[in-house]
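All remarks here apply to the structure that follows.
The values are calculated or read from the model by the stated rules, or taken from the named source; none is laboratory data. What you see is a predicted model, and the numbers here were worked out from it, not measured in a lab. Cβ atoms come from the backbone with ideal geometry, glycine included; neighbour counts cover every protein chain shown. Areas reflect the complete protein model, heavy atoms only, side chains present, ligands, DNA and RNA absent. Shrake-Rupley method; radii C 1.70, N 1.55, O 1.52, S 1.80 Å.
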Amino acid sequence: MAEQKKEKCGCGHEHHEGCGHHEHHEHHECCGHHEHGKDHKQHEHHDCCCGHEHHHEEEKKELTSHAKKMVYTIENIDCANCAGKIEKKINELPEVEEAILTFATKQLQVASNSKKDLLPLLQQVCNAVEDGVVIKEKKQSVKAMREESKEESKKGEIFGIGAGAILFVAGILLKDKVEIVPSVLFILSYLILGGKIVLTAGKNLLKGRVFDENFLMSVATLAAFAIGEFSEAVGVMLFYRIGELFEHIAVERSRSQIMDAVDLRPEVVNKVVGENVEVIPSEEAEIGDIVLVRAGDRIPLDSVIVEGESQIDTSAVTGEPVPVKVKAGEKVTSGCVNLTGVLKIKVEKVLEDSMVSRILHSVENAASSKPKIDRFITKFARVYTPFVVTLALATAIIPSLFTGNWEHWIYTAITFLVISCPCALVLSVPLAFFSGIGAGSKRGILFKGGIALEVLKDVKQVVVDKTGTITEGNFALQKCVVTEGTEEELLRLAGNCEMISTHPIGNSIVHAGKERGIKLERPQKAEEMSGKGIRAMLKEGEVLCGNRSLMEENGIDLGKYEKKSYCTEVLVALNGKFIGYLVISDTIKEDAVSAVRQVKKESVGITMLTGDAKKSADAIAKEVGIESVYAQLFPQDKLERLQQIRKEKGSVMFVGDGINDAPVLAGADVGAAMGSGADVAIEVADVVFMTSSVEAIPTSIRIAKQTGKIAMQNVVFALAIKALVMVLGLFGFANMWLAVFADTGVAMLCVLNAIRILYKK
């Protein structure tokens, strides 16, 4: 079946719907002009001649293909802004060709041709940017990786905050009763709460990092001390530390929730050795190993069932909620859950190549692809902080020179310093896109990057292929129309003739006969007449099975035959008398009609491009609700038509599954491939629908729109709150406590807002 789905018009292979290999049937779905696509394999994603400037090339950051690629994990990095600085510094190293640091996954990918060990050099860069950051080579063991990613304990930090808080409260209570003691308590509390921050700020200042968050908080609170606001200085530092702690917990929880949703890899597998079962690490399982899967267990590796039958839940991989029945001889995909019986499966792919790893790697790699808004915020942050700091200096000095009220304006200025850190902005946008990618993977939709999500939210037109996308891509017998005799006799005679055929249409007739329990026999004598049909001698006599031309050539009276459908029809005559015909067609996917309706609800148009005949394409399109159809197109025609649609309608998403769809997938603003399609189509596409479901199209659009909406909400919310606090500060209505909320509080709220995408229906 998988092979058949690839073999569509224009791909250079046998065509399902009548391209000449089985011309003796009355094909009304023939493309009419089948050209063998000898060049299809030469198409390269980056060499597309479509004339469209792809976001793939211009915006998607990928590691250099010829360089050695290494993956590291980074620990103790709590600031997304600092992560960006580390990535920038590593990219400046002469030994590094390209580096991508993904804060959402704590993963650093480095491409280098250098033979030296880069780890010490990378650690040196991290130390120069932020103390305490640790970089390690990524562990390969699933168990080790899980332990490595566990949230580190914050008990020490919580204890320190608690001790500082107690001293602070004591100072507040004694403030109006004792003279010296409160000041001492405030100073002790500040040393506990802010000592490390001030020390770090001093170290960073020596490294030339003036606009560091630690430095800004230190200056702000020490300035508060200088103007006699002891309780304010300590209170702000306490609030800041609590906000940082909650922000860290929120980030770690959201990161954990997303990764738990997509990391379905097993730590161990039950390997069958003779009569015994041996528990081994999943990465040690090899192709050919027999693995035991009990009821309730997750299928560990891509395998084939050798013993047992069961119901399996595929929702974690495909998003399909209905359990699937499986038995011996059928393939099962890793990540699915065995619900009922005990299965013995034979490993066909090792852990690294199995579906569970492909999904995880896809999400990890997708998170490293930065959309436009993310790159804009990163650049904006470099300007924003110096601007606010400059504004703070101006606020402290200029009004004071005229009013003489230095204390008031310095206090106002230090509130600006507190909210000058761009962490809420730098953190919330990539986390929103990472959540969107995670939400897609939970529904069997693999986005290959944040760019795909960003572009998809603005798509104005969805363009779909027909065979394998709107339809199942396989022929099936729809009905038997009998003029003489019975349906069973008609199907048996046609099935016996088609026993000599290898074409999908002939196979569908044979399959239908066997499915109905009809005993079929290969004819002793048969003649296949090119472009017309089959003449066979059976025990009942001479049988003609083919198209109208064959019948008329042999003088068969077709007075009782009237073509009423767009489908392929196979006419049958017995001993010179027309006895009926069989209606064969590709099956429309069950969810196609509702999916098309949902796409339109998103205010997105939908068009069908196909190599099949217009009559067939129009009939399918009408049935599913697509008004715009272009048929009998070669691959290059599809590309030209897609460019025309883009020109008229706006940005375009193309959905296909065949080898011949690769140029169009690459030429579209967003290319989406069905997971059951050709490997080259999946490779070129920006989005892969693992379910091969049509409803994945509107679902992906909804996820993209929700992601873009939440990312923009975070940006607007963060900037609006910061701007509001600045304005209130200028008019004397905002204090440092409110400024801390505008920094860490807003960051935490943006993180919580970002992960809402995971739970959207």
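Couple of notes before you dig in:
- Qualifying positions in region 703-740 - modelled with pLDDT under 85 and either open to solvent by 70 Å² or more (accessible area, probe 1.4 Å) or small (Gly, Ala, Ser) (or both): 729, 730, 731, 732, 733, 734, 737, 739
- Test: residue in region 109-129 that is in a strand (DSSP E or B) and under 21 Å from residue 204 (Cβ atoms): no
- Of all residues in region 187-209, none satisfies being under 22 Å from residue 388 (Cα atoms), in contact (Cβ under 8 Å) with a residue 60 or more places away in the chain and buried (at least 22 other Cβ atoms within 10 Å of the Cβ).
- Residue selected from region 319-358 under the condition assigned to a loop (DSSP other than H, G, I, E, B) and of a type in the set (A, V, I, L, M), by the criterion nearest to residue 305 (Cα to Cα): 328
- Any chance residue 236 is in contact (Cβ under 8 Å) with a residue 40 or more places away in the chain, crowded, with 18+ Cβ neighbours inside 10 Å and either among the β-branched types (Val, Ile, Thr) or within 17 Å of residue 422 (Cα to Cα) (or both): yes
- Scan of region 111-136 for residues that are among the hydrophobic types (A, V, I, L, M, F, W, C) and in contact (Cβ under 8 Å) with a residue 40 or more places away in the chain, ordered by number: 111, 118, 119, 122, 126, 128, 129, 133, 134, 135
- Counted residues, region 266-277 - those being open to solvent by less than 30 Å² (accessible area, probe 1.4 Å) and assigned to a loop (DSSP other than H, G, I, E, B): 1
- Region 636-686: number of residues that are touching a residue at least 60 places away in the same chain (Cβ under 8 Å) and acidic (Asp, Glu): 5
- Strands (runs of 3 or more DSSP E) lying entirely in region 514-633 (those with 2 or more residues that are of a type outside the set (A, V, I, L, M, F, W, C), open to solvent by less than 50 Å² (accessible area, probe 1.4 Å) and touching an Asp or Glu at 6+ places or on another chain (Cβ under 9 Å)): 568-574, 577-588, 605-609
- Of all residues in region 375-385 being β-branched (Val, Ile, Thr) and open to solvent by 30 Å² or more (accessible area, probe 1.4 Å), the one that is modelled with the highest pLDDT: 383
- Residue in region 484-492 that is within 38 Å of the chain's Cα centre (by Cα) and in contact (Cβ under 8 Å) with a residue 24 or more places away in the chain present: no
- Residue 621 of a type in the set (A, V, I, L, M) and modelled with pLDDT under 90: no
- Residues within region 410-424 that are surrounded by fewer than 24 Cβ atoms within 10 Å (Cβ to Cβ) and modelled with pLDDT under 80, tallied: 1
- Region 339-352 residues that are in contact (Cβ under 8 Å) with a residue 60 or more places away in the chain, paired with ones that are among the acidic types (Asp, Glu) (beta carbon under 6 Å, 6 or more apart): 344/307; 347/289; 348/302; 349/302; 351/283
- Residues considered: 453, 493. Of these, the only one that is in contact with a Leu (Cβ under 9 Å, 6 or more places away or on another chain) and on the phi < 0 side of the Ramachandran plot is 493.
- Total residues in region 492-507, condition in contact with a helix residue (DSSP H, G or I) (Cβ under 9 Å, 6 or more places away or on another chain) and closer than 19 Å to residue 586 by Cβ: 7
- Filtering 136, 154 for residues that are modelled with pLDDT of 80 or more, surrounded by 13 or more Cβ atoms within 10 Å (Cβ to Cβ) and basic (Lys, Arg) leaves a single hit, 136.
- Residue 388 vs. criteria crowded, with 17+ Cβ neighbours inside 10 Å and either basic (Lys, Arg) or assigned to a strand (DSSP E or B) (or both): no
- Residues (open to solvent by less than 70 Å² (accessible area, probe 1.4 Å), farther than 11 Å from residue 332 by Cβ and either free of Cβ contacts under 8 Å to residues at least 60 places away in the same chain or among the aromatic types (Phe, Trp, Tyr) (or both)) located in region 278-305: 280, 288, 289, 290, 292, 295, 296, 297
- Figure legend. Inter-residue proximity from region 586-598: first residues over 11 Å from residue 620 (Cα atoms), second residues charged (D, E, K, R) and open to solvent by 10 Å² or more (accessible area, probe 1.4 Å), beta-carbon distance below 9 Å, spacing 6+ or different chains. Indicated pairs: 591/695; 594/695; 595/589; 595/695; 598/695; 598/702.
- In the set (1) touching a Phe, Trp or Tyr at 6+ places or on another chain (Cβ under 9 Å); (2) modelled with pLDDT of 75 or more, the condition left unmet by residue 438 is number (1).
- Within region 365-374, not a single residue is touching a strand residue (DSSP E or B) at 6+ places or on another chain (Cβ under 8 Å) and at pLDDT 85 or above.
- The residue of region 65-86 that is modelled with the lowest pLDDT, among those that are in a loop (DSSP other than H, G, I, E, B) and either open to solvent by less than 30 Å² (accessible area, probe 1.4 Å) or over 24 Å from residue 128 (Cβ atoms) (or both), is 65.
- A Cβ distance below 9 Å, combined with a sequence gap of six or more or placement on separate chains, defines the contacts here; from region 719-735, residues that are at negative phi and charged (D, E, K, R) reach residues that are surrounded by fewer than 20 Cβ atoms within 10 Å (Cβ to Cβ) and assigned to a helix (DSSP H, G or I) in the pairs 722/384.
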